[in-house]
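*Asks:* The structure is given below, and queries will be raised subsequently.
The values are calculated or read from the model by the stated rules, or taken from the named source; none is laboratory data. Quantities reported herein were computed from a predicted structural model and do not represent experimental measurements. Surface accessibility is based on the protein's heavy atoms, side chains included, excluding ligands, DNA and RNA. Shrake-Rupley method; radii C 1.70, N 1.55, O 1.52, S 1.80 Å.
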Amino acid sequence: METGSEGAPTERLPTAEVHAAEASAAEASTGGGPSPAAAARGDVEWRGVERALLRMRRTVLLLTVPPILAAQTVLLWALVGPVWTLLMTPLVALTVFGWFALGRNWRSWRYAERADDLLISRGVLWREMTVVPYGRMQLVEVTSGPLERRYGLARLQLHTAAAATDAAIPGLVPEEAERLRDRLTELGEARSAGL
């Protein structure tokens with residue numbers, strides 16, 4: 001995995017998922033097999049989300065779970081005795097697991113811009129890939145809540161005609177989110193004008 005110009009991880013690799021998505025998109029649009037352009041493309045350049053997203057999520061984990069565990073441990077100790085505080089051990093282990101699970105989840109988020117669509121891939125146990133054709137996009141917005149702004153992040157939200165295909169890319173730097181918003185809006189207008 002390489003690091004791109006904005007510090008986000010990028011990776012370039014052919015995947016069976018991408019080829020399957022290309023084939024299904026081509027079949028849906030033409031009623032036949034994959035298009036020659038889709039067959040010619042072997043590699044897709046994937047870009048990851050910013051590491052600050054991982055730091056933000058881990059900070060939220062540390063600011064919420066350990067204080068609750070500490071309060072419950074003190075309460076159990078005071079009300080029923082020190083032996084019952086051992087009940088908190090699985091919850092502590094679950095917090096440690098959550099720390100590492102957040103890292104794996106952060107690494108699973110990636111996106112790729114292609115000529116006709118945007119690919120968004122995520123998930124560790126259940127991998128999910130969303131293919132959003134540029135011509136189907138109705139609204140592209142950039143949002144950033146207080147916590148995201150504190151970490152210098154923004155979220156790109158894509159709205160399409162079908163609510164089930166709405167997609168989002170969290171953990172982008174605001175400049176990249178705005179660049180993507182402008183590019184996707186421009187491509188969406190160009191593709192929908194041709195319909």
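*Asks:* Out of the total accessible area of the stretch 70-137 (probe 1.4 Å, heavy atoms of protein only), what percent is carbon and sulfur?
*Replies:* Using a 1.4 Å probe with all protein chains present, the stretch 70-137 comes out at 71 percent carbon and sulfur.
*Asks:* What's the extension gain from ALA71 to GLU189 if we count 0.36 nm per residue and subtract their Cα-Cα distance?
*Replies:* 37.1 nm is the gain from fully extending ALA71 to GLU189.
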